[in-house]
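To keep things clear, I will list the structure first and then write my remarks on it.
The values are calculated or read from the model by the stated rules, or taken from the named source; none is laboratory data. Please read these numbers as outputs of a predicted model, since none were measured by experiment. Cβ sites come from the backbone with ideal geometry, for glycine too, and all protein chains shown count toward neighbours.
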Amino acid sequence: MFELVRGADSVELKLTVPDAHQRSTATALGIDPLEAEIRQVFFFDTPDLALDKVGVVVRARRVQRKGDDSVVKLRPVVPSELPDKLRASPNLGVEVDAMPGGYVCSASLKATLESSPVRKTIEGKRPIRKLFTKEQRAFFADHAPEGVELDELAVLGPILVLKLKFKPADYAGRLVAELWNYPDGSRILELSTKCSPADAFQVSLDSKAFLRDRGVELTGKQQTKTKTALRYFSKNLAASS
């Protein structure tokens, strides 16, 4: 992990809060849902998740008062093995996500979208490929399975997300709370904080101590937001076909 961290741009420390502890965690940390930013998240993959199987994630978002964005992500990656031209792109972020029991390094090529096109795309009025820049499309083509095209992908979503950035008392940094609401009524509450690679070890210790002192459950089963979403929508596509 520490070898990957040295080659990354940032580290994001994550913790999934079990369902039974979500309300008490929100109270302990002073989380106010009325201050949260509303997002709609859409993933794109084949019905049998061919992209997920090779570590490619294709996503677009609608963000309240901020407009739309898109990303093509590859994981896992080794930072030193990424092409120099790609590594030099200002649109690329290399990040290590670490949570209790695991970690992964990913490379994300991001774009901010003009004129909020995601809704029109989801409604079938624009081709999916138009959500992604030439640079993103090339990155996709380099890593997607042969024969898989952007315009042929299924829409997996939406997922309603509430995201809140906040600074609790007695904590040196900022925390982010994301509540992902899935169509079947299930939820994932994730707490996270980002830091530089050089500060990752100390921030990890400080964050763990802070959350433990606030009574936050640290030993629950960890879930990943993206994989949960992909599996849910893939299953529903299969059931309706």
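Table for the structure above
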read-out: Count - residues of the stretch 122-132 that are touching a residue at least 60 places away in the same chain (Cβ under 8 Å) and either outside any helix (DSSP H, G or I) or under 30 Å from residue 7 (Cα atoms) (or both); value: 2
read-out: Of all residues making up the stretch 90-122, the number that are of a type in the set (Asp, Glu) and either in contact with a Pro (Cβ under 8 Å, 6 or more places away or on another chain) or modelled with pLDDT of 95 or more (or both); value: 2
read-out: Residue in the stretch 48-66 that is touching a Pro at 6+ places or on another chain (Cβ under 7 Å), closer than 15 Å to residue 110 by Cβ and either modelled with pLDDT of 95 or more or among the aliphatic types (A, V, I, L, M) (or both) present; value: no
read-out: Members of the stretch 54-66 found to be hydrophobic (A, V, I, L, M, F, W, C) and either touching a strand residue (DSSP E or B) at 6+ places or on another chain (Cβ under 7 Å) or crowded, with 18+ Cβ neighbours inside 10 Å (or both), listed by number; value: 56, 57, 58, 60, 63
read-out: Cβ-Cβ under 7 Å pairs, at least 6 apart or on other chains, the stretch 108-121 side within 29 Å of residue 83 (Cβ to Cβ), far side of a type in the set (Phe, Trp, Tyr); value: 109/139; 111/132; 118/42
read-out: Filtered residues of the stretch 117-148 (kept if within 15 Å of residue 47 (Cβ to Cβ) and surrounded by fewer than 13 Cβ atoms within 10 Å (Cβ to Cβ)); value: 145, 147
read-out: For residue 231: the one exception among (1) buried (at least 16 other Cβ atoms within 10 Å of the Cβ); (2) assigned to a helix (DSSP H, G or I); value: (1)
read-out: Residue identified as among the aliphatic types (A, V, I, L, M), under 26 Å from residue 162 (Cβ atoms) and touching a Cys at 6+ places or on another chain (Cβ under 6 Å) among 104, 11; value: 11
read-out: Failed criterion for residue 112 (all others in (1) of a type in the set (Ser, Thr, Tyr); (2) out of contact with any Leu (no Cβ under 7 Å at 6 or more places or on another chain); (3) buried (at least 16 other Cβ atoms within 10 Å of the Cβ) hold); value: (3)
read-out: Residue count, the stretch 23-46 (criterion: surrounded by 16 or more Cβ atoms within 10 Å (Cβ to Cβ) and either in contact with a helix residue (DSSP H, G or I) (Cβ under 7 Å, 6 or more places away or on another chain) or not in a strand (DSSP E or B) (or both)); value: 10
read-out: Where a residue in the stretch 161-182 is more than 26 Å from residue 62 (Cβ to Cβ) and surrounded by 15 or more Cβ atoms within 10 Å (Cβ to Cβ) and its partner, wherever it lies, is at pLDDT 95 or above and of a type outside the set (Ser, Thr, Tyr), with Cβ under 6 Å and at least six apart; value: 168/29; 171/210
read-out: Lone qualifier among 51, 4, 74 - being under 18 Å from residue 141 (Cβ atoms), in contact with a helix residue (DSSP H, G or I) (Cβ under 7 Å, 6 or more places away or on another chain) and crowded, with 16+ Cβ neighbours inside 10 Å; value: 74
read-out: Unmet criterion (only one of (1) touching a residue at least 40 places away in the same chain (Cβ under 8 Å); (2) part of a loop (DSSP other than H, G, I, E, B)) for residue 90; value: (1)
read-out: Test: residue 58 is part of a strand (DSSP E or B), farther than 20 Å from residue 139 by Cα and aliphatic (A, V, I, L, M); value: no
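Okay, residues lined up against (1) without any contact (Cβ under 8 Å) to a residue 40 or more places away in the chain; (2) within 20 Å of residue 163 (Cβ to Cβ); (3) touching a helix residue (DSSP H, G or I) at 6+ places or on another chain (Cβ under 7 Å):
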site: 188; (1), (2), (3): no, yes, yes
site: 196; (1), (2), (3): no, no, no
site: 206; (1), (2), (3): yes, no, no
site: 209; (1), (2), (3): yes, no, no
site: 218; (1), (2), (3): no, no, yes
site: 222; (1), (2), (3): no, yes, no
